[in-house]
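*Asks:* One structure is given below, represented as structure tokens, and several questions about it will come after.
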Amino acid sequence: MRIVHRWIVAAVALACTGCTIADVTEAGGDDVLIVEGVLRSDRPDQRILLHRSVRGALSPGEPDAQVFVTGNAGARHDFEMVPTSQCLSVDPLYATADSVDIQATCYRSASADGYWVLPDSVYDLTVITTGGETARGRTHVPTPFAILQFPYRSRLRDGPRECTIPGGEALPVVWTESRGAYGYLAPLLITGLDRVAPDSLRAPAELELTGLAISSGDTTLVLPGDFGVFDRFSLDQRLLRYLQTGLPPGVRAEIVIAAADRNYINGARGGSFNPSGQVRISSVVGDGRGVFGSLVPLTVAFNVGQPGRPIICN
């Protein structure tokens, strides 16, 4: 059951990972509150998803709950219930292949609160349901870091920063260490591949590949060869081999390098993306289970030019 969370996909149309609604097994078929929230330093509004554990063919939502996050300076940010479409979209393959009815409830913080999720800060989540259940979580956002050789965006509303890079060449992307990160997620979105790849590959117009650096000190990924490790069983191997030596001229690529806290790495799951193993570790305690984590994402955009050309950035 694959659910892509829009609080992870965000406005860059680039997912930090595909996610699933948490599979929670409780003795005796207990009805359990599930909390799924990831704070992001690159956006002004945050989203948290609440639902119940799957029972039979239904995963009910949890409407009218009190949901708020407090920072280490004591500021409180209240979340309001909004349409579920603002938190998640259902993969069409799931909708046709699985009979479970997802009725999750989305909660969103006020955009007027501004960019309140700050790197190297601690945030506490509290959820109180109408039935009297209380669930809590805490995340320590990884520290700030920088991509060394390319301009980047640390906030989604910043103006675009783009580079033109030579096609057909392997390109290292290097960044400084983010203390407190338990790994770096690096989704890569390639657009226009269908126009330049050989017809025999039947390349899609958009191709998303995932890269992962597995510790805070692992701060280099080679573009594009280090991307696609989690996609190798779901994509045409000929297409992946075609991309190994470099991106072809004429495509556009966008990368998010996201420093992820321990809670995110321990809880993020989707398809073959299981960075800490098959078992989810709940970072939500009390009367609920789930994930309350954080990301510090930086975004870089590339236009791919002819081989042998110099790198030019605006």
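*Asks:* Among the residues of the range 126-150, which ones are in contact (Cβ under 8 Å) with a residue 12 or more places away in the chain, over 21 Å from the mean Cα position of the chain (by Cα) and either not in a strand (DSSP E or B) or not assigned by TED's automatic domain parsing to the domain that holds HIS77 (or both)?
*Replies:* Across the range 126-150, the qualifying residues are THR129, THR130, GLU133, LEU148, GLN149, PHE150.
*Asks:* Any idea how many residues of the range 206-215 are touching a residue at least 40 places away in the same chain (Cβ under 8 Å) and in a loop (DSSP other than H, G, I, E, B)?
*Replies:* The qualifying residues number 1.
*Asks:* Hey, another quick one. Any chance you could count how many residues in the range 6-48 are assigned to a strand (DSSP E or B) and at pLDDT below 50?
*Replies:* Adding up the residues that qualify gives 1.
*Asks:* I'd like the full set of residues that are part of a loop (DSSP other than H, G, I, E, B), farther than 21 Å from GLU208 by Cβ and at pLDDT below 95, limited to the range 247-282.
*Replies:* SER276, GLY277, GLN278, VAL279, ARG280, ILE281, SER282 - these are the residues of the range 247-282 that are part of a loop (DSSP other than H, G, I, E, B), farther than 21 Å from GLU208 by Cβ and at pLDDT below 95.
*Asks:* Quick one: in the range 54-78, which of the residues that are more than 24 Å from TYR115 (Cβ to Cβ) and hydrophobic (A, V, I, L, M, F, W, C) is modelled with the highest pLDDT?
*Replies:* The extreme case among them is ALA65.
*Asks:* A further question on this structure: Could you count how many residues in the range 248-265 are farther than 18 Å from TYR182 by Cα, in contact with a Leu (Cβ under 7 Å, 6 or more places away or on another chain) and not β-branched (Val, Ile, Thr)?
*Replies:* 2
*Asks:* Could you go through the range 193-206 and let me know if any residue there is within 27 Å of TRP116 (Cα to Cα), surrounded by 14 or more Cβ atoms within 10 Å (Cβ to Cβ) and either at pLDDT below 95 or hydrophobic (A, V, I, L, M, F, W, C) (or both).
*Replies:* Looking through the range 193-206, none of the residues is within 27 Å of TRP116 (Cα to Cα), surrounded by 14 or more Cβ atoms within 10 Å (Cβ to Cβ) and either at pLDDT below 95 or hydrophobic (A, V, I, L, M, F, W, C) (or both).
*Asks:* Moving to a separate point now. Quick one: count up the residues across the range 98-151 that are touching a His at 6+ places or on another chain (Cβ under 7 Å) and closer than 12 Å to VAL67 by Cβ.
*Replies:* Total meeting the criteria: 2.
*Asks:* LEU93: at pLDDT below 95, under 24 Å from ASP287 (Cα atoms) and not charged (D, E, K, R), yes or no?
*Replies:* Answer is no for this residue.
*Asks:* So is HIS51 modelled with pLDDT under 95 and in a strand (DSSP E or B) or not?
*Replies:* yes
The values are calculated or read from the model by the stated rules, or taken from the named source; none is laboratory data. None of the values given here were measured: they were computed from a predicted structure. With ideal geometry, Cβ positions are generated from the backbone for all residues, glycine too; neighbour counts draw on all protein chains shown.
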